[in-house]
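Note sheet for the following structure.
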Amino acid sequence: MAPSLPLDTPTSRHPAFRPLRRTLACLAVAAASLTGLGLPAAQAQTPIKFSLNFKPDGSNAAWFLAAERGYFKEAGLDVALDTSAGTGDVIQRLASNTYDLGCADIGTLIEFAGRNPQQAPVTVMVLYARSPLAIISFKKAGINRPSDLIGKRMGAPANDGAFRMWPTFAKAAGIDASKVQNQNVDIRVRETMLVRGEYEGAYGYDSSMWFNLKPMGVKLEDLSFLRYADYGLDFYGNSVMASRKFMAEHPKEVEAFTRITARAWREAMADPKAAVAALYKREPLINVEVEIEKLQWLTKNQLTTPQTRAEGMGAVDIGRLDKQIAAITEAFQLPSLPATNAIYDAKFLPPRAERQLP
């Protein structure tokens, strides 16, 4: 066997060694460049378990777009995007530290924090500037304003956020909640029973109900929506949340995640087809056209408001959030009023320029 040679010897300067020397020189320059940017030459990937608000669909396609375009990897994040059973499930996962970050309804978080102040996760970025809580009915039922609900039969899924906020909505709208006939119903058949005429209206998210009704042949122009936000309950909705443990131990990673979220949502809003195409690679059984429409619906009805147009995605009016906390505390008779800074921490929000709506 030939003896090994040092790389800086007359022999090593032989023409045959020139490609090797050039390769080593390039690697040295690359490493120096990374160091100059404050990045290690071989950046470690921080694992993050992220709980989606539900199953993969148009409402969370932006995060699949971020993954496909490599934004997480570029930031040193190894993000697992996992399905959930809904908002309550997400908050429980974060409270138990089995997940690090997630997307859930801030109203549900307020209720949880009022009962479990030490375990409750914290909102680090609000996405839905306008709550999707609503009552939906067919126009033929004649429910055009809250007072039209008197004497009507309503489908009421026990654990649905809209139904749970029903007494507060009735109070804000100035009607007697006891004069509405609420029928307990499994949320999985809520829309089916509405179509069958087993009741005249139902509680839920406007987007969820509409996109469940659409495949049944229902036309949007045949429906009537009473949105809680139009009658005194101007609430924030789905938001990015962090477990207290992860937020304390990985603040830079939380900040990186919110910046990627802002970037990905802006790109998804500007090009919903690209976002749903990324989603399709994960969930090939989705109806692409329906999920594109769902993303566009959320963009128009939940993410875009005068405030977010002026101040960017994620802008929060603290006074408005305080009113939401107070209303939910009263509605659910919580043992304590959660402090605003225990519900929302603004320090992880990206600069306004990175959150401007497209």
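The values are calculated or read from the model by the stated rules, or taken from the named source; none is laboratory data. Computed from a predicted model, the values in this text were never measured in an experiment. Heads up, the Cβs are rebuilt from the backbone with ideal geometry, glycines too, and the neighbour counts pull from every protein chain shown.
For the reader, a short list of remarks on this structure follows.
To keep it simple, each residue is scored yes or no on (1) touching a Ser or Thr at 6+ places or on another chain (Cβ under 9 Å); (2) at pLDDT below 95; (3) surrounded by 20 or more Cβ atoms within 10 Å (Cβ to Cβ); (4) closer than 24 Å to Glu249 by Cα.
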site	(1), (2), (3), (4)
Gly36	no, yes, no, no
Ala41	yes, yes, no, yes
Ala44	no, yes, no, yes
Lys49	yes, no, no, yes
Lys55	yes, yes, no, no
Phe64	no, no, yes, no
Arg69	no, no, no, no
Gly76	yes, no, no, yes
Leu81	yes, no, no, yes
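- Residue that is nearest to the chain's Cα centre (by Cα), among those in region 192-213 that are among the hydroxyl-bearing types (Ser, Thr, Tyr) and over 20 Å from Glu293 (Cβ atoms): Tyr203
- The condition (being hydrophobic (A, V, I, L, M, F, W, C) and out of contact with any strand residue (DSSP E or B) (no Cβ under 6 Å at 6 or more places or on another chain)) is satisfied by just one residue among Val290, Val316, Val254: Val290.
- Considering residues of region 146-169 that are within 28 Å of the chain's Cα centre (by Cα) and surrounded by fewer than 19 Cβ atoms within 10 Å (Cβ to Cβ) only, the residue farthest from Thr87 (Cα to Cα): Pro167
- Verdict on Ala104 being surrounded by fewer than 20 Cβ atoms within 10 Å (Cβ to Cβ) and out of contact with any Cys (no Cβ under 8 Å at 6 or more places or on another chain): no
- Total residues in region 214-232 satisfying the condition of being among the hydroxyl-bearing types (Ser, Thr, Tyr) and either under 22 Å from the mean Cα position of the chain (by Cα) or not in a strand (DSSP E or B) (or both): the figure is 2.
- Ala315 being in a loop (DSSP other than H, G, I, E, B) and in contact (Cβ under 8 Å) with a residue 60 or more places away in the chain: yes
- Of all the listed residues (Asp78, Asp100, Asp89), the sole one being without any contact (Cβ under 8 Å) to a residue 40 or more places away in the chain, over 21 Å from Val189 (Cα atoms) and assigned by TED's automatic domain parsing to the domain that holds Pro335 is Asp78.
- In region 37-138, counting only helices (runs of 4 or more DSSP H) that sit wholly within it, the ones holding 2 or more residues that are in contact with a helix residue (DSSP H, G or I) (Cβ under 6 Å, 6 or more places away or on another chain), among the aliphatic types (A, V, I, L, M) and closer than 20 Å to Glu283 by Cα span 61-68.
- Lone unmet requirement of (1) at pLDDT 95 or above; (2) crowded, with 18+ Cβ neighbours inside 10 Å for Ile328: (1)
- Filtered residues of region 187-226 (kept if closer than 25 Å to Gly102 by Cβ and touching a residue at least 24 places away in the same chain (Cβ under 8 Å)): Ile187, Arg190, Tyr203, Gly204, Tyr205, Asp206, Ser207, Ser208, Met209, Trp210, Phe211
- Looking across region 179-205 at every residue that is in a helix (DSSP H, G or I) and at pLDDT below 95, the one that is nearest to Arg145 (Cα to Cα) is identified as Ile187.
- Those residues of region 290-309 which are of a type in the set (A, V, I, L, M) and either under 15 Å from Tyr236 (Cα atoms) or assigned to a loop (DSSP other than H, G, I, E, B) (or both), in sequence order: Leu298, Leu303
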